[in-house]
Every structure is written in C-alpha cells, then in structure tokens.
Amino acid sequence: MKNTLIYFIALFFMSLGTSYSQHVPLGQEELVAHLDQELSGESAKRNLEFISRLHRMRGSDDYNKAIAFISSKLSEYNLEGIEVIKIPANGQLMYGTEKSRPAWNPSFAELWEQKFEEGKWVNHEKIADFASIPMVLAQDSKSGEVSSELVDIGAGTSDSDYQKKDIEGKLVLTSSQPGSVASLAIEKYGAAGVISYAQNQPSAWHGENENLIRWGHFDYFDNTNSFGFMVSLKQARAFQKRLAAGEKIQLHAKVITDTQATDWQLLTAVIEGADPNLAGEEILYTCHLDHPRPGANDNASGSVAILEVARTLKKLINEGKLERPKRTLRFLWSPEIEGTNSLLAYKPELASKTKFNIHMDMVGGGLETKGIYQISRGPRSLPSFINDIGEAFGEFLNQSSIAYTSGEAVNYPVVSKEGGKEPFHAILGNFHMGSDFEVFTEGTYRIPSIYLHQYPDRYIHTNYDLPAFIDPTVLKRSSFIGAVSGFYLANFGSENLEMLTSLMKEQVLGRSSKMLKFANALPEEEAENLKHYFWQQEMEAFQSIAPYATLSESQTEDYRSYLEQLKVVAGAGTPIESSEPNSSLIYHRNTEIKGGMFSFGYDYFTDNFGKEKPRPKLFNYQGIRGSGSEYTYETLNLVNGKNTVSDIRNILSGEFGPVPLSLVQSYLEALESIKVIYKDPVKIDKK
C-alpha cells in the first residue's frame, strides 16, 4: 500500500507541469542562460533562405553550392577541422549495404499544351517549367522530347488500368509516382513519359490544397529511359474533366538532364574537446542537406539549426562564457540516409569515435505547416540514458513556453524577436523512423540518438515547403535542445551521476504510466510480456551510463531496487514462452555486412533476395504502434547472438504491438538466405 501511494503521488506531481516551469534540468542553468541569450532564430533563418534557393539533389551542382555556403559560414564562425569528405559515387560502388547513386543534374524541363494551327501543332500554354518550380520534374528523369496526346491511366499500377487504352508513344496521366508506373506504362506498354499528380503523405489536410506539387521519383537503378512531370491536383482534375468529355489533349514535353559519376560531398567541422583522455570521443550533430527546391523545413531547417548550434557554442567558448567541452562536438551535412550510411562504411573510424548522435530533420515549421514537434527516442534494441536527457530539456521547454505564453514571468522563454510566442508542445518519448538517425541506431553501429523532427507537416515534399512558413522561434528552440543536450553529453562524467539518476527515476514514472495504458489495450498474456521487457529496458538504459561514469555496485543496486518497488505496483510481467518449431533458434549478425537493409534510392534486401520472390509478410504487417518498416528494422537490430527467435518476437510485440512469431521467423530466414545473419559462426560465407 505504501509503495502504491508513493507511486501515484509521484505521478500526480509530475502532472503539475507549470509548477516547475522555471526548473532547469540536470543543473544546467548557466548553460541554459547563455544559450537563451546567444542562439538566434533570425540568423538561422537568414541562412535557410539562401539554402532554400538551391535545388539540392544528391551530388548535384546546387547541392555542392549549399555545401560551399555552409563551409564559408563555418569559417566565419571559427569552427575547427572544416573538411569536405568526398565519396566516389558511380551507381556501382558499394559502401556497406549502400549502393552509391551518381549525381543527377537537370538543366531544362518544360511541359506545354499545344494547339493545332495552320497545319501543325504549336505550343500554346505552358503547364510546367523547371526553371520556375524545380519540383515539376521527377527525380532521375532522363532527357527526352515528345509531342503527343495525353491518356489517363488512373493508378497505372496494374494491367487492368491499361485495358482498351493505346498509350504507345503517348504521355500518360497517373495518380501514382512515376517510378511506380514505369515498369508497366513505359517498359511494357511503351508510353513516352509520365505526368503524375501523386499526392502527399496522408494527414488531416490531405488533398485540401489543390495547388500542391509533390516531389516525384523514378528508381535510378531501374534505369528507366524516360521522364516524368509532376502537376498539381487542380491541373490533373482539369485534364481529367476534358478527357472525360472526349477532348483530345496534345502536349509537348522537353527534358534535358545529365547523370554522371561524381564524388558526393559531405561537410564536417568540429569544436575540439579539451580533455586529452576524452577528446577522441565525439558527439555528432547531423542533418540531411539534400532536397528539391525549396525544401525549407525539409531539411534546410535542420541544416541551419545545427549550424546555429555550432556558431553559438563556438562563440560562447571564444568569449570565455563557456569552457571548451571535454569531448569533441562534430557537425555533419550529408545526403539523407544514403550519404550517412555510406560515410560510416567509408570512414569506419568516424563511427568508432561517435558516442552519441543528435539528429535534426524538419525542425523549423511555423503554425502554417501544422507540424507536430517530436523529440523521439531510439529503438528498444538500443536502451540509453541519452533519451532521458533530450526529453528532460524538451519538457523544460514545453513548460517554460506554456508559462511564457500564459503571461507568467519566465527566466528563459527561448523565443526569437522575429518569431512566434506560441507554446512548444513537443511530443516526447516515442520512436519514429524516417531519417539519418536510424543509420546510427541500427545494429551495426549502435550509436544512441536523439531525433528532433516535425511530423506530420502538410507541405512536406511539395513546392509549398517555403521559407515563409518557417518560424525563427522554432528554429531557436530546436537549436536550444540540440545545444544543451550535446554540450551536457560532451561534459558528462561521474560528477553528474546523482542528478541524472534522480531524473531517470522521475521519468521512468511517466513511462511506466504510458506502459500501463498500452498494456490495458492488450490481451493479458501480451500485457504481461510488455511489462517484462519494459522493466528490462529501463534497467539497461541505466546501465548504459557505465562507459561514461563510474557506477558503483550500490548505485546500480539502488536503481534496481527502485524498479523492483515499481514492479510491485505495476506488475513485473512474464515473457511469453513458445513451443513453436525454431522459436529457440539464435541468430548472429554477419559483421562483414554493415548497415541496414533499406535506404533512400537503394534496397539492399530486395537487390539480394530477388524482386521475383514474394517479400516476407512482415514487410506488410501493421501493428498497434508500428508498421512493417519498424518491425523489419528492429528484427535485424535484435539479432545479437543472444536473443532467440521467441525473444525477438516478444520484444517486438512489447515495442510495437503483438506480432505472429511465424512472420518474424520467415523474415529471419530470408535474411539468412542472403547471408546477413547466420545460425552458426563456422558457416559464414564471406564471398
């Protein structure tokens, strides 16, 4: 009864957010005060406005211009170790599980509607123009020119969409991505090109703005010898209305692009650590720089936010307001996922030095974007105390911003003069995929990460992702969380252990409350399984401190005892035992194959498993809190030479929701068939 009372009293006081809006976590008030004064959302936005003018496709001339711009700013800000790392990319070179894609440089693309005048077709109305809106040209389009009529193929992803339609040599209108229809429309039925009005990712605002033009793609490795134009839903509906009335629509398309082997440019700089024993350990700030123009929130925002962290911390150090950190702070700008994945394989020494990652992707959207700010934790396969740090400063900002908006006197409002004053309202503690942090947390490298991002954003991947919708205050707050978390980690040691332990004890209460709510939605057996692995994860997160601070046996036992008291109240849980065949098998990771199975532009799994084979059903599985991408990502991460197939299934079920063991087993067997994992160390085939 006493434990129950303590437990719920603690939860009650945790809910009184505004009562601690002035309390700075982890004893970092001096650092917070300096950051609040020096960080500039305005400066970050000025940098963003330049970057957003560039069509920053991987390896392209405009991408390299963005690299040069940021490099010049790093020099202006007196950063150290400024270096452009060049990684050869030719469409064949492999870096771990990443196959490098060459540079794609479009120079001209126009789509015209034509009229028949004086015995010939002449251009009459311009429909799309790359020079005005680069988003109109689908990525990896090839050069070409054609004058032809338009045929509506609907989705265009099945043969039935082409019945009784003659599309050979013609342009096709589709609701799907160009790459999704290429094999049928272009390769099988001979279409000359694709006009796509593919819509954005689903959200509450899906389809409301008829003027949005979405980013379109072909798969580079399919080598489709054609082109695609992207048009708005408004334009597509106008075409469809006229076609349905029997009108013939004649279009003229001309595209000029160039695809060449190149050296990807990845930019890095550091603030060197001062402690000779710790300077070789690095906290790495990352973002992805590549994106079609304008790409303001995605991801010029992350690019300038980590640049603002670099500027601010270096200035405060140079002015003597902050001491140089013990560990080194490193900053990296690269192509999304494919660049990061390649880099860690290309320069493994960088991976070995990186102890923590702070990743920013879409961190500046204002109210117009409808973006939801998230401070996300790493996967269950990688428990770490870093999650408590990012979430603690996020919660501090949540509460201080609410108090500030409400008119209370707040010491550290973290707002920009040219920005908004709205509450922060960041969602804390969930796991999300979709950006470079997942390269670091993947089972090969196991680098804990804090992931700052906004999702959904109604303008993501469209021509409306504009600097006008970026809020300097959101940029400043993103930079604040990154700066304070990274600087704390760079100085973390045994002297910080007491405050961190106290913080983790507080925060496990909140997580256990969420866990119990999730457990209530599950069958009893699955709820008990969830509890078992939840407590296991919490203990492992505490033990992750050990490489960075001296944990005594008494401190470890104290924390273990604390969790045991909570178990009495919430339930200790029991893992599900399985008698199914092969459930006790233990797989090992093939260390010769480095990286995850899927990346932007290249799918290692399918390339090696075979497109002609049915994909394991786990890819399409939808759980309560995760889809196939999360389940497959974590399944491989959990292969460690210790977990059985049943263990992996149970951990996945606690993380994302119950999943049949047979689906997990079939995916593991598929991974084994392409030599990514194995059952017996003596059976590795390194060929």
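The values are calculated or read from the model by the stated rules, or taken from the named source; none is laboratory data. This structure is a prediction, so every number in the text was calculated from the model and none was measured. Counting neighbours? That spans all protein chains shown, and the Cβs are built from the backbone with ideal geometry, glycine included. Note: areas computed on protein heavy atoms with side chains; ligands, DNA, RNA excluded. Shrake-Rupley method; radii C 1.70, N 1.55, O 1.52, S 1.80 Å.
Listed values, structure above:
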{"item": "Residue 46 paired with residue 405, simple spin-label distance in nm, labels 7 Å along Cα-to-beta-carbon", "result": "2.9 nm"}
{"item": "Carbon plus sulfur fraction of accessible area for the range 45-110, probe 1.4 Å, in percent", "result": "46 percent"}
{"item": "Cut-off 17 Å (backbone N to label point 7 Å along Cα→Cβ of residue 585), residues of the range 648-677", "result": "648-650, 660-677"}
{"item": "Under-5 Å amide H pairs with residue 108, H placed in peptide plane, nonlocal only", "result": "256"}
{"item": "Residue 524 versus residue 624: modelled label distance in nm, points set 7 Å from Cα along the beta carbon direction", "result": "1.6 nm"}
{"item": "P(r), alpha carbons of the range 146-293 - 5 Å bins starting at zero, rounded %", "result": "2, 8, 15, 17, 16, 11, 8, 6, 4, 4, 4, 3, 2, 1, 0, 0"}
{"item": "Relative contact order, percent, the range 259-383 [alpha-carbon distance under 8 Å, six or more residues apart]", "result": "40 percent"}
{"item": "Cα-Cα P(r), the range 148-211, percent of pairs per 5 Å interval", "result": "4, 19, 30, 20, 10, 10, 6, 1"}
{"item": "Dipole magnitude of the range 297-371 about its Cα centre (Cβ charges: Lys, Arg +1; Asp, Glu -1), debye to nearest 20", "result": "580 debye"}
{"item": "Cβ-based charge dipole, the chain, positive-most Cα from 233, 663, 253", "result": "253"}
{"item": "Order by protection proxy (mean Cβ within 10 Å, highest first), peptides 105-112, 141-148", "result": "105-112, 141-148"}
{"item": "About the Cα centre, charge dipole magnitude for the chain (Lys/Arg +1, Asp/Glu -1 at Cβ), debye", "result": "520 debye"}
{"item": "Directionally averaged shadow of the chain, computed from the convex hull of its alpha-carbon atoms, nm²", "result": "32.6 nm²"}
{"item": "Relative contact order %, the range 517-669, counting alpha carbon pairs below 8 Å whose residues are six or more apart", "result": "28 percent"}
{"item": "Net charge, residue 293 excluded, C-beta distance under 10 Å - Lys, Arg +1, Asp, Glu -1", "result": "0"}
{"item": "With every protein chain in place, the range 583-687: carbon and sulfur % of accessible area (1.4 Å)", "result": "52 percent"}
{"item": "Spherically averaged projected area of the range 487-640 from its Cα convex hull (nm²)", "result": "13.1 nm²"}
{"item": "Ranked by how many other beta carbons lie within 10 Å on average, peptides 159-165, 625-631 from highest", "result": "625-631, 159-165"}
{"item": "Contour excess over end-to-end distance, with Cα ends at residue 554 and residue 248 and 0.36 nm allotted per residue", "result": "102.0 nm"}
{"item": "Positive-pole candidate from 522, 217, 619, dipole of the chain, charges at beta carbon", "result": "217"}
{"item": "Residue-span extension gain [residue 61 to residue 75] - 0.36 nm each, minus C-alpha spacing", "result": "2.9 nm"}
{"item": "Accessible surface, the chain, averaged per residue in Å² (probe 1.4 Å)", "result": "40 Å²"}
{"item": "Full-stretch length increase - residue 37, residue 446 - with 0.36 nm per residue and alpha-carbon distance subtracted", "result": "143.8 nm"}
{"item": "Dipole in debye (nearest 20) - the range 167-254, about Cα centre, beta carbon charges: Lys, Arg +1; Asp, Glu -1", "result": "340 debye"}
{"item": "FRET efficiency for residue 544 and residue 565, using Cβ-Cβ distance with R0 set to 22 Å, rounded to 0.05", "result": "0.55"}
{"item": "Protection-proxy order for peptides 491-504, 216-229, each taking the mean of Cβ atoms within 10 Å per residue, highest first", "result": "216-229, 491-504"}
{"item": "Selection from 393, 641, 195, by position along the positive dipole direction of the chain (Cβ)", "result": "195"}
{"item": "Residue-averaged 222 nm ellipticity for the chain, from DSSP H runs of 4+ at -39500 (n - 2.57), nearest 500", "result": "-11500 deg cm²/dmol"}
{"item": "The range 557-582 versus the range 362-434: alpha-carbon centroid distance in Å", "result": "31 Å"}
{"item": "Length-normalised contact order for the chain - Cα pairs under 8 Å, 6+ apart - percent", "result": "16 percent"}
{"item": "Percent carbon-and-sulfur accessible area, the range 462-582, ignoring ligands, DNA and RNA, probe 1.4 Å", "result": "50 percent"}
{"item": "Estimated FRET transfer efficiency when R0 is 22 angstrom, pair residue 643-residue 606 (beta carbons, to 0.05)", "result": "0.30"}
{"item": "Amide H within-cut-off set for residue 216, under 5 Å, with H built and near neighbours excluded", "result": "139"}
{"item": "Nonlocal amide H pairs with residue 173, under 5 Å, H built at 1.01 Å", "result": "151, 152, 153, 195"}
